[in-house]
Each structure stands twice: as C-alpha cells, then as structure tokens.
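What follows is a single structure, written as structure tokens, with notes after it.
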Amino acid sequence: MSRRAEVPEKVLAYQGRQSAKPNIRWIAAISTTFSFLLCYGTLVIISLLGQVGVAMAINDTLWAGAIVSTAGLALAGLIWGLLRHKNPWPSVIGASGALLLTYTMFQQYSILIELAGFILLFSAALWDWHSQSASRP
C-alpha cells in the first residue's frame with residue numbers, strides 16, 4: 001500500500017475525533033480577568049505615571065464601557081459553556097456579577113458593589129471551567 005493511500009484514512013480518523021463545538025472554554029476566565037485588569041490595572045498605571053510627573057486624563061464613560069463590554073464577553077463565554085456542560089448556575093451567577101458591574105459603572109458607583117460583581121464573575125468563570133473540565137469526553 002502506498003503512502004498516499006494511507007493519508008485519507010488518517011484524515012478521516014482525525015475528523016471523527018473532533019468535537020462539533022469549538023473549544024473556547026477559556027473565554028469567560030480570560031474576559032473576566034481582562035475586565036478586572038481594565039478596571040484596577042488602569043488605576044495602577046495612572047497612579048504610577050502620576051508618581052513620575054505624567055498627568056493623564058481618562059474618559060470615564062469609555063473606561064466604564066470597556067469594563068462592562070469585557071464583562072459582557074465573559075457572560076457570553078459562560079452562556080457558551082452552558083451549551084457544553086448543561087449547568088445553568090455559572091451563567092446565572094455570572095449574569096448577576098455583570099449586572100452589578102453595569103449598575104456600579106453607569107448608575108451609582110460603589111466599590112463594594114464593584115468588588116461583589118467581580119467576585120461573582122470570577123466565581124462563575126471558575127465554576128464554568130470546572131464544569132466544562134468535568135464534562136469533557
């Protein structure tokens with residue numbers, strides 16, 4: 001049997017092992033981390049630049065929009081995980097966290113509400129990751 005005749009069988013065997021759903025199980029955790037870094041990392045950078053004498057103005061509305069957008073992307077990742085592991089609780093907890101972040105960014109700022117939103121979002125991302133790991137074939 002020639003080498004050419006073996007290739008299609010290997011390709012077909014590889015295609016049979018692939019999942020129908022793409023493996024993007026890290027999107028919720030990455031987006032949550034990025035949202036947190038956008039929030040507190042920007043504060044640290046502005047503070048450090050202020051220490052060396054560089055003044056910088058940040059548009060608060062755009063900053064809050066970026067934080068809420070990445071929290072929304074994390075929520076989308078949690079909902080995508082729901083399709084794989086069928087556990088609704090990470091999505092529910094993540095939606096609560098994203099809602100708290102949206103409220104504190106655009107309605108009435110409170111650091112306690114903001115931290116509660118991030119804690120809920122991080123908890124949901126970890127639970128989602130664990131649920132997806134447990135349901136992998």
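Tabulated data for the structure shown
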| item | result |
| --- | --- |
| Condition broken by Ile79, with the remaining ones in (1) within 14 Å of the chain's Cα centre (by Cα); (2) at pLDDT 95 or above satisfied | (2) |
| Residues (surrounded by 18 or more Cβ atoms within 10 Å (Cβ to Cβ) and over 16 Å from the mean Cα position of the chain (by Cα)) located in segment 88-113 | Thr104, Met105 |
| Inter-residue pairs, beta-carbon under 7 Å, first outside any helix (DSSP H, G or I) and in segment 98-123, second surrounded by 14 or more Cβ atoms within 10 Å (Cβ to Cβ) and of a type in the set (Ser, Thr, Tyr), 6+ apart | Ser110/Thr104 |
| Ala134 at pLDDT 95 or above and either within 17 Å of the chain's Cα centre (by Cα) or loosely packed, with under 13 Cβ neighbours inside 10 Å (or both) | no |
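Yes or no, residue by residue, for (1) loosely packed, with under 12 Cβ neighbours inside 10 Å; (2) without any contact (Cβ under 8 Å) to a residue 60 or more places away in the chain; (3) closer than 30 Å to Ile93 by Cβ; (4) of a type outside the set (Gly, Ala, Ser):
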residue	(1), (2), (3), (4)
Leu38	no, yes, yes, yes
Ser47	yes, yes, no, no
Gly50	yes, yes, no, no
Gly53	yes, yes, no, no
Met56	yes, yes, no, yes
Ala76	no, yes, yes, no
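The values are calculated or read from the model by the stated rules, or taken from the named source; none is laboratory data. All values derive from a computational prediction rather than experimental measurement. Using ideal geometry, Cβ is built from the backbone for each residue, glycine included, and neighbour counts are taken over all protein chains shown.
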